[in-house]
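Report on the following structure.
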Amino acid sequence: VSDVRESPALRLLGLLAERGADAHYSDCHVPRLTVGGRRLTSVADPHRQHWDLVIVHTAHPGDDLGWLDAVPRVLDTRHRIRPAGPVPVR
């Protein structure tokens, strides 16, 4: 959905930027947005970028998330990504 007015992702991007993170996003449904006065453009080809951390906040059905295998750290807030191995039980 291209209407992001109430998206929690905006707050997340804003908080990251406030704390000095060089935050970007990738969403084929939202090509551009403004967060805290900063204009952002969706990263069209995320597998060609260097990421220190990717936060999966919204994963649309049909999205190819295979590129996340090359990312050193992924925080999956939606539990859309299966771990590569068994999940340790604590």
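Between Asp45 and Leu16, what is the label-to-label distance in nm when each label sits 7 Å out along the Cα-to-Cβ direction? Inter-label distance under the simple model: 2.1 nm. Counting charges near Ser26 (Lys, Arg +1; Asp, Glu -1) among other residues having Cβ under 10 Å from its Cβ returns a value of -3. Principal-axis analysis of the Cα atoms of the chain puts helix 8-18 at an angle of about 80° to the longest axis. Between His24 and Arg80, the simple spin-label model (points 7 angstrom out along Cα→Cβ) gives 1.8 nm.
In plain terms, the chain from Ser7 to Arg73 could stretch by 21.4 nm, reckoned as 0.36 nm per residue minus the Cα-Cα distance.
FYI, it's all coordinate maths here, none of it is from the lab. Remember, predicted model here, so these are calculated numbers, not experimental data. Glycine also receives a Cβ, built like all others from the backbone with ideal geometry; neighbour counts cover every protein chain displayed.
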